[in-house]
Amino acid sequence: MTLQVRVIAPDTIVWNAEAEEIILPSSTGQLGILSGHIPLLTALDIGVMRVRINKEWKPIILLGGFAEVKNNIVTILVNGAEEIDNIDLDEVNKSLEEANDLLEKAITSKDKIEATQSLRKAKARIQAATIINN
């Protein structure tokens, strides 16, 4: 049996396909889902969702949201998402350095929150790159 996985962002359907397994970046840690999983509703953090199709893993960066699992259907509502097929590791490392610099220079609470979000996104892209390059 397989899972039907849908990733929906505010402006588009990012993913709508069957998968053998997924691993979600839940707010309490990594959460693996296989067919026959009990019904579940969970908050998602910024991070990498890994989807296994034909024994190969595909990373999708999720920018926070919620996931519902019910009857082998996984519906994921996110603030944003990025499908990653090819990723430039040098570019990602550069964005990580820039995010670190922004965080160090942040003065206001708003600046610190925005810098932290940028840092978490950059770390998720690096994680996705390691999945692709392995």
**Fill in**
Flagged in the stretch 67-76 as surrounded by fewer than 15 Cβ atoms within 10 Å (Cβ to Cβ) and not in a loop (DSSP other than H, G, I, E, B), in numbering order, are E68, K70, I73
**Prompt:** If the Cβ limit is 8 Å and pairs must be 6+ apart or interchain, which residue in the stretch 70-83 that is outside the structural domain of K123 (by TED's automatic domain parsing) and among the basic types (K, R) pairs with which residue that is surrounded by 13 or more Cβ atoms within 10 Å (Cβ to Cβ) and in a strand (DSSP E or B)?
**Reply:** K70/L40
**Message:** Tell me the residue from I73, I61, I84 that is modelled with pLDDT under 80 and either closer than 20 Å to A17 by Cα or among the aromatic types (F, W, Y) (or both), please.
**Reply:** I84
**Item:** Odd one out for N79, checked against (1) under 11 Å from the mean Cα position of the chain (by Cα); (2) under 15 Å from A128 (Cβ atoms); (3) surrounded by fewer than 17 Cβ atoms within 10 Å (Cβ to Cβ)
**Value:** (2)
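Every residue, every condition in (1) more than 11 Å from the chain's Cα centre (by Cα); (2) in contact (Cβ under 8 Å) with a residue 60 or more places away in the chain, yes or no:
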{"site": "T2", "(1), (2)": "yes, yes"}
{"site": "P10", "(1), (2)": "yes, yes"}
{"site": "N16", "(1), (2)": "yes, no"}
{"site": "L34", "(1), (2)": "yes, no"}
{"site": "V51", "(1), (2)": "no, no"}
{"site": "L89", "(1), (2)": "yes, no"}
{"site": "D101", "(1), (2)": "yes, no"}
{"site": "A106", "(1), (2)": "yes, no"}
**Counted residues, the stretch 1-51 - those being among the small types (G, A, S) and either within 14 Å of I73 (Cα to Cα) or modelled with pLDDT of 95 or more (or both)** = 6
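The values are calculated or read from the model by the stated rules, or taken from the named source; none is laboratory data. All of these numbers come straight from a predicted model, not from anything done at the bench. Positions of Cβ are backbone-derived with ideal geometry, glycine not excepted, and every protein chain shown enters the neighbour counts.
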